[in-house]
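Report on the following structure.
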Amino acid sequence: MEDLLKYLKNQLQEAEKAMKDAEECLRLAELMGIDVADARLRYEQAKQRYLKLKSGFEKYLSEKGIKI
């Protein structure tokens with residue numbers, strides 16, 4: 001079980017890094033004058049799903065008293 005939780009935590013960290021990279025790509029595209037409205041909307045939706053998953057995972061760990 002602990003290995004699974006470590007794996008999930010690692011996946012969340014990787015997702016967070018990918019979100020930061022995507023945000024930077026969108027910012028650069030906007031600076032270059034590229035219309036990224038649709039991509040920005042999809043990014044924001046994905047970010048909200050990620051934050052909800054992260055929050056739920058952290059809440060679960062907290063409730064169970066698990067430290068990774």
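Read the figures in this text as sums done on the coordinates, not as results from a lab. These figures come from a predicted structure and were not determined experimentally. Note that each Cβ is placed from the backbone with ideal geometry, even for glycine, and that neighbours are counted across all protein chains shown.
Some observations on this one:
- Once Rg and the Kirkwood radius are both taken over the C-alpha atoms of the chain, their ratio Rg/Rh works out to 1.14.
- Whole-Hz ³J(HN,Hα) from phi, Karplus 6.51 cos²θ - 1.76 cosθ + 1.60, for segment 52-67, glycine and proline x: 5, 5, 4, 4, x, 5, 5, 5, 4, 4, 5, 4, 8, x, 9, 10
- Ranking Tyr43, Met1, Leu53 by Cα position along the charge dipole of the chain, where only Lys, Arg, Asp and Glu carry charges on their C-beta atoms, puts Met1 farthest toward the positive end.
- Calculated mean residue ellipticity at 222 nm for the chain: -30500 deg cm²/dmol, from DSSP H runs with n ≥ 4 weighted as -39500 (n - 2.57), summed, divided by the residue count and rounded to 500.
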